[in-house]
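Reading through the structure tokens given below for one structure.
The values are calculated or read from the model by the stated rules, or taken from the named source; none is laboratory data. Everything numeric here is computed off the predicted structure, so don't read it as measured data. Please note: Cβ atoms are built from the backbone with ideal geometry, for glycine as well, and neighbour counts cover all protein chains shown.
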Amino acid sequence: MNLTESATRQQRRLLLICLFVVFLASWLASQVQTGGGRVQVESIKIPAHNGQWVVADLFKPRSATAESQAPFIVVVPGFQRSKEALSNIALELARRGFVTASIDPYAQGGSSASLSRRAATTEGYGMFALVDYAASSSNLNYIDRSRIGATGHSAGGNAAIRGANYFGREAQRTGQPSKLHSVYVSGYVLTLTDEVLQDVRSNVGVSYAFYDEGAYRNEFANGDMRVAPEALRTVSSGLPANAAVNVVELGKYYGDKRERTLRVVHNERVLHPFQPYIEEATANQIVYFETVFDVDSTLSPYDQIWQWKELLGVVALVAALTSIVPMGYLLLHSAWFRSLVHPVPNPLPAPAGKGRVLFWVTFAIAAVIACFSYIPLAELSQKMFVAASTRQLTWFFPQRMNNAVMLWAVLNGSVGFLMFWLTYRYFGRHNGISPEHWGIKTSFAELSRTLGLAVLLFGCFFLVLFAVYYFLHVDYRFLFMGVRVFQPELLLLLAMYVPFFFIFFLSNSLRINAAMRFAGQPEWRSMLLGGVANSLGLILIVIVQYTTFAVTGTVYWTDGWLYVNLLFAVVPMMFVLPYFNRYFFRMTGRIYLGPMVTCLIFVMILITNTVIYLPL
């Protein structure tokens with residue numbers, strides 16, 4: 001057996017192992033999601049007004065029947081989140097006998113966009129429509145229509161309290177009890193005002209992170225709910241005027257649940273984006289709904305299994321991404337793509353003296369530019385893409401958050417090309433470096449075939465995901481980071497965004513393979529250095545943001561704090577990107593296949609995990 005046959009056999013084995021892990025981990029995750037078969041999970045889609053629609057995952061305990069009706073709770077994720085992001089809450093409540101529906105908020109995931117620019121406030125991100133449907137339809141004959149609740153985090157929390165206000169006003173007009181029996185507001189207190197609370201005719205639970213990055217917007221500019229006016233108003237709204245409180249006792253139940261005046265406030269010591277993913281916050285929410293709906297599940301609120309689904313999700317994600325490498329190798333050694341394989345160029349001489357100094361200086365400059373250009377470009381994106389930034393429906397770059405990342409990618413990719421050329425022009429060519437080291441020689445025909453292979457790998461990657469989701473109803477996910485299935489229309493957005501993002505991806509491949517690959521350097525160290533170089537600027541943003549927050553109690557970037565939160569999902573992608581670029585470079589001897597594949601896959605991941613203001 002020659003070396004090529006041996007390598008092919010190894011890559012075939014690796015691919016089979018990766019696919020086996022993907023399906024095994026996904027199957028186990030589906031078993032967790034269904035509570036070992038005790039909960040049925042399926043997608044539903046209901047029409048709403050103005051031609052809009054809401055997509056949700058329905059979690060139905062098998063114990064819920066027409067003869068034994070269960071409470072119904074709508075789970076509303078926040079800004080930039082999909083129905084899968086809060087499946088942990090939906091699952092844990094369903095395990096305890098509640099029927100739950102985790103929705104894709106309007107303009108996020110499979111739900112339509114909204115004609116309202118304030119969809120969370122005026123439509124509950126689609127929750128109002130689902131509550132109306134549940135309260136009036138005979139289809140859901142296994143739910144108790146007198147016990148309908150809603151819960152949400154962040155903007156989803158705003159949707160929950162706005163729902164209590166909306167259905168409270170409706171109840172006053174009709175003289176009937178509010179359709180929303182109880183709501184739980186997590187991660188949002190800005191609308192806990194007298195104007196909103198005065199019309200609430202529901203029980204209300206509040207949960208707010210003590211270290212919430214957005215707390216600078218609160219009336220006392222901090223996250224301490226014991227004396228926060230927002231918390232005091234909420235509790236007092238359920239009490240007689242002469243019983244109003246001056247200090248909130250956290251975790252204490254005030255008011256009367258039978259009169260729907262029950263109030264409780266929790267204040268977990270955690271950051272905003274991680275609040276839904278800690279046991280304490282989940283347990284507090286479980287206890288709340290069991291209390292207001294008189295449900296005794298016999299399970300401890302800390303008997304939680306959702307963590308296993310998250311762990312299995314990240315295992316499936318790693319295996320799925322890893323599978324791209326052996327899949328690419330096998331296709332490259334097929335008759336159609338074999339011509340793309342070239343000898344790998346010799347590595348650069350190890351830098352020494354002035355060369356070493358120049359390397360680290362450019363390394364630092366690139367990181368600093370990446371760090372301090374991000375927020376200004378996020379602000380610029382709001383001026384360049386006005387429609388998306390003001391929540392108007394548009395086909396012209398309709399993703400508010402990705403527009404900021406795209407501008408950052410264009411600038412930093414261009415800076416990468418410029419620095420590469422300058423260092424070569426004034427130093428490298430005088431010190432034994434030539435274009436033969438770079439792996440850039442190609443032709444139009446070869447680039448076209450390379451793109452065809454990249455599209456094929458992109459299709460195979462998502463085809464496996466579609467199969468996993470179709471048969472098991474799970475995707476690749478860890479907390480709020482995930483790879484979702486996509487709708488066909490998003491291919492148009494992919495074609496719109498990819499050319500601009502590709503500037504960064506190609507620049508990264510050139511930098512990693514033609515400027516950071518040195519003779520005598522172990523590959524693991526070279527790729528680790530590349531991963532750090534590619535993500536360091538964004539990591540510095542997070543460090544600056546949270547160091548300032550720890551010292552002063554207020555984040556460094558206030559108006560742009562949501563853009564900083566976005567980096568928790570972006571940084572891991574930036575770190576692993578050089579690994580893929582290096583592996584594909586070693587397979588082809590050229591810098592192009594890696595960025596083509598990763599740009600298509602990673603940009604689609606970004607597109608499917610952010611707000612999209614597409615026309616109905």
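Just name the residue that is farthest from ASN513 (Cα to Cα) out of those in the range 326-347 that are buried (at least 21 other Cβ atoms within 10 Å of the Cβ) and hydrophobic (A, V, I, L, M, F, W, C). Applying the filter and picking the extreme gives MET327.
Residue-level analysis places SER63 among those that are touching a Gly at 6+ places or on another chain (Cβ under 7 Å), closer than 23 Å to VAL292 by Cβ and free of Cβ contacts under 8 Å to residues at least 40 places away in the same chain. Once the range 566-616 is narrowed to residues that are in a loop (DSSP other than H, G, I, E, B) and at pLDDT 90 or above, the residue that is farthest from MET401 (Cα to Cα) is GLY589.
Just one of the listed residues (ASN513, ASN508) is in contact (Cβ under 8 Å) with a residue 60 or more places away in the chain, in contact with a Lys or Arg (Cβ under 7 Å, 6 or more places away or on another chain) and within 18 Å of LEU593 (Cα to Cα), namely ASN513. Selection of strands (runs of 3 or more DSSP E) fully inside the range 31-125 by the criterion of at least 2 residues being in contact with a Leu (Cβ under 9 Å, 6 or more places away or on another chain) and among the charged types (D, E, K, R) returns nothing. A single entry from ARG162, ARG217, ARG201 fulfils the requirement of being assigned by TED's automatic domain parsing to the domain that holds ILE89 and out of contact with any Gly (no Cβ under 9 Å at 6 or more places or on another chain): ARG217. Mind checking whether some residue in the range 423-444 is under 30 Å from SER114 (Cβ atoms) and surrounded by 13 or more Cβ atoms within 10 Å (Cβ to Cβ)? Among the residues of the range 423-444, not one is under 30 Å from SER114 (Cβ atoms) and surrounded by 13 or more Cβ atoms within 10 Å (Cβ to Cβ), which makes the answer no. Going by the structure shown, is ILE375 part of a helix (DSSP H, G or I) and within 21 Å of the chain's Cα centre (by Cα)? Yes; evaluated as a whole, the condition is true for this residue. A residue that is free of Cβ contacts under 8 Å to residues at least 40 places away in the same chain and not charged (D, E, K, R) can be found somewhere in the range 87-95. A single entry from GLU249, GLU213, GLU219 fulfils the requirement of being surrounded by fewer than 16 Cβ atoms within 10 Å (Cβ to Cβ) and under 20 Å from SER154 (Cα atoms): GLU219.
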